[in-house]
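Since every read-out is calculated from the coordinates, none of them should be taken as a lab result. Keep in mind the model is a prediction, meaning the values are calculated, not measured. Positions of Cβ are backbone-derived with ideal geometry, glycine not excepted, and every protein chain shown enters the neighbour counts.
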Amino acid sequence: MKKGILINIAKALLLARWRQTLVAATGVTFSIAMFITLLSFMSGLNDLLDGLILNRTPHVKLYNDIKPNVNQPVNNIAAFKDKHNFISSVKSDAARIALYNSGAIMKNLAIDNRVLGFTPRLTAQIFFNNGSTEITGALNGIDPIKEAKLFHFNEYVTSGDAINLNNESNTIILGKGLAEKLTASIGTIVQISTSTGERFQLKVIGIFQSGLKDFDDVQSYTSIKTVQKVLIKPNDYITAIDVKLKDITLAPALAKEYAKVYELDAEDIQTANSQFETGSFIRTLISYAVGITLLVVAGFGIYNILNMMIFEKMDSIAILKATGFSGTDVKSIFIYIAVSIGIFGGLVGLLFGLIISSIIDQIPFVTAALPTIKTYPINYNPNFYIIGIIFSLITTYFAGWFPARKASKIDPVIIIRGK
Amino acid sequence: MNQTILEAKHINKYFEDPVRIKVLSDINFSINKGDFVSLTGKSGCGKSTLLYVLSTMDTAYEGEVFIDQALMPKSNESFLAKIRNEKIGFVFQFHYLLNEFNVLENVMLPGQKLAKYSKEEIEHRAYEKLKILDIEKLAFKKANQISGGEKQRVAIARALINDPHIIMGDEPTGNLDKKNSDKVFDIFTKLVSELNQTLLIVTHDESFAERTNRIIKMEDGKIIS
């Protein structure tokens, strides 16, 4: 009952000055709408840029690195075991780069419930023979179905269908830059030669474009079987396993674990691409900073208008206090006013934010580097909307709190006597 | 059956700014139920100051104020607000109606704050008060659409809404012409005779004061008669 009357008074004061109220609410609406738009757009861009690398990068990569053996024979001799031995001119050993026991590793990964999925890979350095010129390239043996599922491989294949790598033998998908150098298109037969001199003819069934030119200029994809054939290796011969995890933050720990258990090298995504995380963090920080600044400015607008309202309604406040409304009641009235401006302006702001972001989402954005992107990216994360409305409530509450406190301290005697 | 409604004991008050001046000195008096008291004196004699002390709105004083035989504290703001709401009705020189509300709502406001009755009941009671003052036909007009005399009567209705122990008035007729101030005076006498309402009215209008049952005269912060 008591709350009801305070809300009634707040409502009456609000409506009596509806133009001012509208201006205040518009300020909040504007800042919330910009906050939502900015965050949606920025985080859409972030996701896009991160996706450019991170989507295609395994969370943990298992492979055998080429490096000098840490267990040099001298360390195994009892007499020198505890000493510090200096060995010069140590060469990397000729251990095979294939993974030992890859079948068992993959079986284990398949039942590891921290792992979302994995795909085996086999990479060979080859030459593309184009008339009399040789172009260096890399031939990646992949499983196109798993690659598509885990690393969005099919999204980057701009013409042709990646699945056909499985259906047709001796086929290849070329990077766009590479295809241009070879003047190859779908259906063209390209000739490759390996470092050992073997020659093969592969049919182009697709072109892919990753957006990274250096990458597109040298990479090509085919099935694992084809690479094994080219290298004349058995069918368990693979050089890497790309693992995608359910929780990316576990990557460094799991990389260590796998390296120890399987006795191979494991590289986690955080180590391989630390700069991307920093970049997205900074961009997010900037968008939040700008958004919150806008809100604070809107908060000052509300503060001003409430201050003016209190100045105008001094008499009303005095009589309310004389007839038994306490300072707390008066304070509540003005806080109700501020917060209802916040709620109303905030909700409309969310709506406008959604509208503006969906308009941006429709604006064409075509760039050669990003073949899958047709319009500006927008991230419709509901968290932004929740944060937006919470921030608008907090800022309007504080914007109302100071004038409300002032109003609650008004001494009715001075005003009534002053007349 | 002379029940004491309001009692002042040894009230002293000083104004500190710009220099310490004694404005009220050793005020002692009491008002019984049904009294129609006027507080008169020249401008600056401290009569309004005394009224605000008695009304609990001003708490910077020395001495004791009893309302309905209960000692008024000097610091509990929300308790004093409740006392004003429940036990004191105010009529000021200026009407102080809220222009955002209509007449009936203005009268209802203190009642809704007290929340002793349901909203419908308060509305009914407010309408009854307007009837007593003969202005029930104005009930649904906005407060800024009625005349000055009418506004003052609405303010009296508002003062009556919670059936206060005492109505305090600070120059309630000060802004009104002869005709309207006579009307207000008639209303006051009617309240005293018919409802046994207690009234304490500050005025410098001699003719007004002469017609009340009791006159307290002040000079230089002291009661002289």
Taking Rh as the Kirkwood radius computed over C-alpha pairs, what is the Stokes-Einstein D of the range B:121-225 at 10 °C in a medium of viscosity 1.306 mPa s, expressed in µm² per second?
108
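Suppose the chain between B:GLU16 and B:ARG211 were pulled fully straight at 0.36 nm per residue; how much longer would it get relative to their current alpha carbon spacing?
Details: separation 195, 0.36 × 195 = 70.20 nm, distance 3.62 nm.
The span from B:GLU16 to B:ARG211 would gain 66.6 nm if fully extended.
Dipole magnitude of the range A:272-368 about its Cα centre, charges +1 at Lys/Arg Cβ and -1 at Asp/Glu Cβ only, in debye to the nearest 20? Walk me through the numbers before you get to the answer.
Details: 4 positive and 5 negative charges, 28 e Å.
Charge dipole of the range A:272-368: 140 debye, to the nearest 20.
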Along the charge dipole of the range A:212-357, which of A:ILE248, A:LEU295, A:SER326 sits closest to the positive end, that is, farthest toward it, with unit charges on the beta carbon of Lys, Arg, Asp and Glu (+1, +1, -1, -1)?
A:SER326
What whole-number distance in Å separates the alpha-carbon centres of the range A:164-186 and the range A:258-283?
31
Virtual spin-label span in nm between A:GLU257 and A:VAL297, 7 Å along Cα→Cβ:
4.9
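Going by C-beta contacts inside 10 Å, put A:TRP18, A:TRP401 in order with the fewest on the left.
Details: A:TRP18 10, A:TRP401 17.
If I rank by nearby Cβ atoms, fewest first, I get A:TRP18, A:TRP401.
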Run the helix sum for chain B: -39,500 (n - 2.57) per DSSP H stretch of 4+ residues, divided by residue count, reported at 222 nm to the nearest 500 deg cm²/dmol.
-11000 deg cm²/dmol
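Suppose R0 equals 22 Å. What FRET efficiency, 1/(1 + (r/R0)^6) with r the Cβ-Cβ distance, do A:SER89 and A:GLN270 give to the nearest 0.05?
Once rounded, the FRET efficiency stands at 0.05.
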Quick check: net charge around A:SER193, other residues with Cβ under 9 Å of its Cβ, Lys/Arg +1 and Asp/Glu -1?
-1
Under a point-charge model restricted to the Cβ atoms of Lys and Arg (+1) and Asp and Glu (-1), what is the dipole moment magnitude of the protein assembly as shown relative to its Cα centre, in debye to the nearest 20?
560
Hey, rough spin-label estimate for A:THR133 and A:ILE53, points 7 angstrom out along Cα→Cβ, what's it come to in nanometres?
3.0
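Among residues other than B:GLN145 whose Cβ falls under 15 Å from its Cβ, what is the net charge (Lys/Arg +1, Asp/Glu -1)?
Numbers: positive: B:LYS137, B:LYS141, B:LYS142, B:LYS151, B:ARG153; negative: B:GLU100, B:GLU105, B:GLU150.
Charge balance in the 15 Å sphere: +2.
Quick check on the range A:212-254: take the gyration tensor over C-alpha atoms, sort the square-rooted eigenvalues as a ≥ b ≥ c, and tell me if it's rounded (a/c under 1.5), prolate or oblate.
oblate
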Relative to the Cα centre, what is the charge dipole magnitude of the range A:60-270, using +1 at the beta carbon of each Lys and Arg, -1 at the beta carbon of each Asp and Glu, and rounding to the nearest 20 debye?
380
With no solvent and one point per C-alpha, what does the Debye sum give as log10 I(q)/I(0) for the range A:60-270 at q = 0.09, 0.13, 0.15 Å⁻¹?
-0.43, -0.81, -1.00
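From the convex hull of the Cα coordinates of chain A, what is the mean projected area in square nanometres?
Working: hull surface 130.8 nm².
Convex hull of Cα atoms, orientation-averaged projection: 32.7 nm².
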Compactness ratio of chain B: Cα Rg over 2.2 N^0.38 Å, N = residue count?
1.00
Taking chain B as a Gaussian network, where each spring joins two C-alpha atoms under 10 Å apart, which residue of B:SER147, B:SER38, B:SER193 fluctuates the most?
B:SER147
Can you compute the modelled spin-label distance between A:LEU22 and A:ASP82, with each label point 7 Å from Cα toward Cβ, in nm?
9.1
Cα atoms only, the range A:181-328: Rg and Dmax in Å?
32.7, 102
What number, in percent, do you get for the relative contact order of the range B:151-209 if the mean sequence gap of Cα pairs under 8 Å and at least 6 apart is divided by its residue count?
44
Mean residue ellipticity at 222 nm from the helices of chain A, using -39,500 (n - 2.57) per DSSP H segment of n ≥ 4 over the full residue count, to the nearest 500 deg cm²/dmol?
-17500 deg cm²/dmol
I want to verify the translational diffusion coefficient of the range B:34-87 in µm²/s; compute it with Stokes-Einstein, Rh as the Kirkwood radius over Cα pairs, at 10 °C and 1.306 mPa s.
129
Among A:SER392, A:SER102, A:SER40: highest mean-square fluctuation, GNM of chain A, C-alpha pairs under 10 Å
A:SER102
How many angstrom separate the Cα center of the range A:12-51 from the Cα center of the range A:297-330?
26
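Rank these for me by crowding, A:GLU168, B:GLU7, going from fewest to most other beta carbons within 10 Å. Spell out each step's value before the answer.
Working: A:GLU168 12, B:GLU7 18.
With the sparsest Cβ surroundings first, the list reads A:GLU168, B:GLU7.
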With springs only between Cα atoms under 10 Å, which of A:ASN46, A:ASN166, A:ASN85 fluctuates most in a Gaussian network model of chain A?
A:ASN85
Work out how much length A:SER169 to A:ILE66 would gain on full extension: take 0.36 nm times their residue separation and subtract the Cα-Cα distance, in nm to one decimal.
34.0 nm
Is there a simple number for the mean count of other chain Cβ atoms within 10 Å of the Cβ of residues in B:54-62, and what is it?
2
Find which of B:ASN213, B:MET108, A:GLY44 sits farthest along the positive direction of the dipole of the protein assembly as shown, computed with +1 on the beta-carbon of Lys and Arg, -1 on that of Asp and Glu, about the Cα centre.
B:ASN213
Tell me, in nm to one decimal, what length is gained between A:PHE402 and A:PHE365 on full extension, where the rule is 0.36 nm per residue of separation less the Cα-Cα distance?
8.7 nm
Where the centre of each part is set by its Cα atoms, how far does the range B:118-184 sit from the range A:340-419, in angstrom?
44
Rounded to whole Å and sorted largest first, list the principal axis extents of the Cα atoms in the range A:1-140.
94, 59, 37
Can you put A:ILE333, A:ILE389, A:ILE310, A:ILE7 in order, fewest other beta carbons within 10 Å first?
A:ILE7, A:ILE389, A:ILE310, A:ILE333
When Cβ neighbours within 10 Å are restricted to other protein chains, what is their mean count per residue of peptide B:160-173?
1
